[in-house]
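Quick note: the coordinates plus some simple rules give every number you see, no bench work behind them. Because the structure is predicted, anything quoted here is derived from the model rather than measured. Note that each Cβ is placed from the backbone with ideal geometry, even for glycine, and that neighbours are counted across all protein chains shown.
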Amino acid sequence: MVPEGLLRRMEPAWLADRWRVRIHCASRCLWVIEDQGVVAGYASIGDADHPDLEPGFAGEVFELYVHPEQQRCGLGRALLSSALDTMRGLGRLWGVLEVLQDNHQARRFYEAFGMQTDKIVRRRPSGLWCSIGGRRYSHSHGSVRVVRYEIPLQPALRGRIPDLGG
């Protein structure tokens, strides 16, 4: 699902630089789950930064990943719950995330969690998944199609699809 050119670029030094920025970014929260000293999964969040969302109302899950051998054990649910609880504690009204349109396994996971899609397919730079500090960095490897998922974080908003635009 990720363009071949981007995959070729993912050298250890390149990845290490991205992780240093992620870890030290003051505007993001990062969770890591370990299993016997090995990373089994991680998630990161921050304020949603999309032109169609009013600033300060929504938090965004930028990344949620569980190693394939550790999937279906509750780790993804624990990471997503922690991420949304943190957003709620920060006073955000909505939690949002974008997922590759063709990532049907992830889409089923988010839907089973109670998230709803706004059904709009957006084009993002193929480097979307390595967004840093809430900013998406583009690569010269084209674009990907993503779908946004949303969930209300405050009880009064349950059952409503937001219009968070300006």
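Can you tell me how the stretch 48-127 classifies by the Cα gyration tensor, rounded, prolate or oblate, using a/c under 1.5 as the rounded cut?
oblate
Hey, quick one: spin label on Arg122, modelled 7 Å out along Cα-Cβ, who in the stretch 54-92 has an amide N within reach, i.e. under 14 Å?
From the stretch 54-92, the list is 54-63.
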